[in-house]
Structures are given as C-alpha cells and as structure tokens.
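Beneath this line is the structure, given in structure tokens, with notes to follow.
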Amino acid sequence: MEKRGKAAIVYDSGYGATASAAKTISSTLTGLGIDVIFFQAGQRDLPECDRIFIGSPIRLGRCTPEMKSFLIHHSDKLVDKKVFLFFTCMNVSSDITHCDFPVFADPQFREPNKPKTRSGLMEATHTTSYYLKHLLKLIPGIAPAAVAFFKGRLDTDQLPPLYRFIMRIAMLTMPEIQNGDFLKHETVESWVHAHIDF
Ligand SMILES: Cc1cc2nc3c(=O)[nH]c(=O)nc-3n(C[C@H](O)[C@H](O)[C@H](O)COP(=O)(O)O)c2cc1C
C-alpha cells in the first residue's frame, strides 16, 4: 500500500480505556496507509511526524499529570503539526456552539430526558467548554485539527480508595456516571475517518 505520511499517537491511561481508544486510532491509521508511532506519555520524546494524536482520560476535569507534563514540555514542537486531541471520560455535555475546530462528543453522552443532577457545580464542570478551557491552556497558540470525547470505562471496584471515594460521590450526584465499559471502537474509527485528510 502507498504510504501516506507518518502519525504519532501518544496517550496516557490509568485503567485501559484511553489506551484501548489509542489502539483503535492506531489500527485505523495503519489501515489508511499511514505509518504510526505509538507510545505512552513519558516513554519517549516526540518523534518526527506530520500528525499527532494525543489522548488522556479526563480526571477531575483535567488530563492526567503525565499528559500535562508531556504537553507543557512539547507545546512549542506541536505548532507545526496537525494536532488531534482525544479523551475518554464518563460524562460531558456539549455546550460549545462556536469553535474554530470540530469538537466531537460521543452520542452516548446525549441521553434524552436524563434526570437533572442535584448539584449545579457538577453540571458546570462536566462540559466540553470546561474540559477544553483547561486542556488548551497547556498548549497555547495551538488550534487542534479536531477534538473528541469518547465515553470510556469505569469500574469503581478497581480503583484505589481515594479515587473510589471520589467516583462514588460523583456517581451519587450525577446519574450519568455509571460503572461499565462504554468505549465503542466503531465510534473512534468513524471519528478518525471523518477528520483525516491527505
Ligand atoms: C479519579 C478520577 C477522576 C475522574 N474524573 C472524571 C471527570 O472529571 N469527568 C469525567 O467525565 N470522568 C471522570 N473520570 C472517569 C474517567 O475519565 C474514565 O473512567 C476514563 O474512561 C478512564 O480512562 P482510563 O481507563 O484510560 O484511565 C474520572 C475517573 C477517576 C478515576
């Protein structure tokens, strides 16, 4: 197959969901004839590439500390690349109406007639604009080519005590946050197909 450029995929993942989304992105790109360099944040330096896919779970509205360090450390080298950001999380509502780049939210987040949470603070901190405000501050001057929020995976029994406590409180206040594996590989694949241009 004719080679169509080189892409890097860098991800971080605590419990496998974001790693799994990253693997799907990798196989999708490979299937399109793109050479892929795939690694976890902190494992190596930024390779030569035209496109870079950067993925992290959302934790308390932010990316992981490892991904934060990666972004801060490499932000100047990202300016001349096409940057795609992808995240897995358990709840986000799409509140962005105007944006310079496409922001995709997994259709699983748009549950009709969802019950209202008891806390306005939780609603305000689980939106695409809230997450992006913090994430984009880490890479000033970079407009991503595309951003995606995929519904990920949660198993509170697997978490260390502090995380388990935090997530159980979150589940009590936000009915949308539930244990389960919601990552749909076909959704990830379609997102890649929709945004890769040659
Ligand atoms: C400590 C902690 C904080 C989290 N905070 C959020 C959050 O703010 N918003 C959200 O939608 N999901 C949140 N989640 C859920 C994760 O984003 C979700 O489970 C993700 O798919 C995990 O990805 P991973 O398996 O790659 O670590 C949190 C999970 C943990 C453990």
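None of the figures in this text is laboratory data; all of them are computed from the coordinates on show. Quick caveat, the model's predicted, so the values are computed rather than measured. Please note: Cβ atoms are built from the backbone with ideal geometry, for glycine as well, and neighbour counts cover all protein chains shown.
Between the listed residues Pro160, Phe150, Val103, the Cα displaced farthest toward the positive end of the dipole of the chain, a dipole computed from Cβ unit charges relative to the Cα centre, is found at Pro160.
Arranged from fewest to most other beta-carbon atoms within 10 Å of their beta carbon, Met122, Met90 become Met122, Met90. The 3J(HN,Hα) values that the Karplus relation (6.51, -1.76, 1.60; θ = phi - 60°) gives for region 10-19 are, in residue order, 10, 9, 10, 7, x, 10, x, 5, 5, 4 Hz. Gly and Pro appear as x.
How much mean residue ellipticity at 222 nm does the chain get from its helices, if each DSSP H run of length 4 or more adds -39500 (n - 2.57) and you divide by all residues, to the nearest 500 deg cm²/dmol? Write down the numbers at each step before the final one.
Details: 6 runs with 68 residues, N = 198.
Helix contribution divided over all residues of the chain: -10500 deg cm²/dmol.
Legend: ranking of residues Ile54, Ile169 from fewest to most surrounding C-beta atoms inside 10 Å; resulting order Ile169, Ile54. The phi-based Karplus calculation (6.51 cos²θ - 1.76 cosθ + 1.60; θ = phi - 60°) puts the 3J(HN,Hα) values of region 25-30 at 4, 4, 5, 5, 5, 4 Hz, whole numbers, x for Gly and Pro. For Ala105, the residues whose amide H sits under 5 Å from its own are Phe149, ignoring neighbours fewer than 5 places away on the same chain, with H placed 1.01 Å from N. Label-to-label distance, Thr156 versus Thr30, with points set 7 angstrom from Cα along the beta-carbon direction: 3.7 nm. Counted residue by residue at 0.36 nm each, then reduced by the alpha carbon distance between them, the extension gain from Ser69 to His98 reaches 7.6 nm. Taken as Cα centroids, region 127-198 and region 74-113 sit 9 Å apart, rounded to the nearest whole angstrom.
Straight-line reach from Lys133: taking Cα to Cα under 16 Å and skipping same-chain neighbours fewer than 8 places apart, the aspartates and glutamates in range are Asp95, Asp100, Glu123. Counted over the chain, the DSSP beta bridges are approximately 10% antiparallel.
Phi angles of region 141-148 translate, via the Karplus equation with coefficients 6.51, -1.76, 1.60 and θ = phi - 60°, into HN-Hα couplings of x, 10, 9, x, 6, 6, 10, 9 Hz per residue; Gly and Pro are given as x. Counting only GluC sites (Glu not before Pro) that DSSP places in a loop and that have at most 13 other Cβ atoms within 10 Å, the longest clean stretch of the chain runs over 49-198. Partner aspartates and glutamates whose Cα lies under 17 Å from the Cα of Lys77, excluding those fewer than 8 positions away in the same chain, are identified as Asp45, Glu48, Asp50. Seen against the Cα atoms of the chain and their longest principal axis, helix 185-195 is set at about 50 degrees.
Compute the Kirkwood hydrodynamic radius of the chain, taking the inverse of the mean of 1/r over all pairs of distinct Cα atoms, and give it in Å to one decimal. Intermediate results must be reported in sequence, preceding the final value.
On the way: mean 1/r = 0.0580 Å⁻¹.
Value: 17.2 Å, from the Cα pair sum.
Listed by chain and number, the aspartates and glutamates placed with their C-alpha closer than 14 angstrom to that of Lys184 are Asp106; residues fewer than eight positions away on the same chain are left out.
Taken about its Cα centre, the chain carries a charge dipole of about 420 debye when Lys and Arg each add +1 at the Cβ and Asp and Glu each add -1 at the Cβ.
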